[in-house]
Amino acid sequence: MAVRSAGATSPHRNMGGSGRKAKDRSSEDAQTGESHQHQSQGGEAMIVTQIARIIADFILFLDLTDDEILDPDAAVEMMEFLGSRLDALDRGFLRELVDAFTEIAPEYSGESQKLVRNIAYDFFLEETLAEGDPVRLAELDALRDARD
């Protein structure tokens, strides 16, 4: 997480009596705004990664839990529900989430790692992202045919 350095200027500082021109203060305010924007973007990346881990753990639970413990029909129903929720995500966020699954996969081992790496593939998330782009959809279809 990005943390503002001790020397950074607070946007709530007292600007009276400093003797600086308004132009200098505006410039400093703009720089502070940029700092907040970068902090926010870093925080969003961290959140996407955390959400990817939660989704991955949930999918692993549904996929790897013994049928004696978890009703297979309930597991399939939850996977379908999760798939519909993923399809409904904002496309920009979904793109980051798809990329995050690849980033977190090495945190898992064996079959779990493969399952996490394949989440986007198994849920057709690249196809969701390519909706409206027939060329990209054809590419994905060809890749899917070659893989299967």
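The values are calculated or read from the model by the stated rules, or taken from the named source; none is laboratory data. This structure is a prediction, so every number in the text was calculated from the model and none was measured. All Cβ positions, glycine included, derive from the backbone under ideal geometry; neighbour counts span all protein chains shown. The accessibility values were calculated without ligands, DNA or RNA, using every heavy atom of the protein model including side chains. Shrake-Rupley method; radii C 1.70, N 1.55, O 1.52, S 1.80 Å.
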**Message:** Taking the conditions exactly as written (at pLDDT 50 or above, in a helix (DSSP H, G or I) and open to solvent by 40 Å² or more (accessible area, probe 1.4 Å)), does Ile51 satisfy them or not?
**Reply:** yes
**Message:** Going through Ser27, Ser35 one at a time, which residue ends up being under 24 Å from the mean Cα position of the chain (by Cα), at pLDDT below 50 and surrounded by 12 or more Cβ atoms within 10 Å (Cβ to Cβ)?
**Reply:** Ser35
**Message:** Just the residues that are over 15 Å from Arg91 (Cβ atoms), over 21 Å from the mean Cα position of the chain (by Cα) and open to solvent by less than 90 Å² (accessible area, probe 1.4 Å), please, taken from the range 120-138.
**Reply:** Ala138
**Message:** Name the single residue that is farthest from Thr49 (Cα to Cα) among those in the range 64-106 being of a type in the set (Gly, Ala, Ser) and either open to solvent by 50 Å² or more (accessible area, probe 1.4 Å) or part of a loop (DSSP other than H, G, I, E, B) (or both).
**Reply:** Ser84
**Item:** Any pair with Cβ under 7 angstrom, 6 or more apart, that starts in the range 58-75 at a residue that is more than 15 Å from Ser112 (Cβ to Cβ) and ends at one that is not in a loop (DSSP other than H, G, I, E, B)
**Value:** Ala75/Leu62
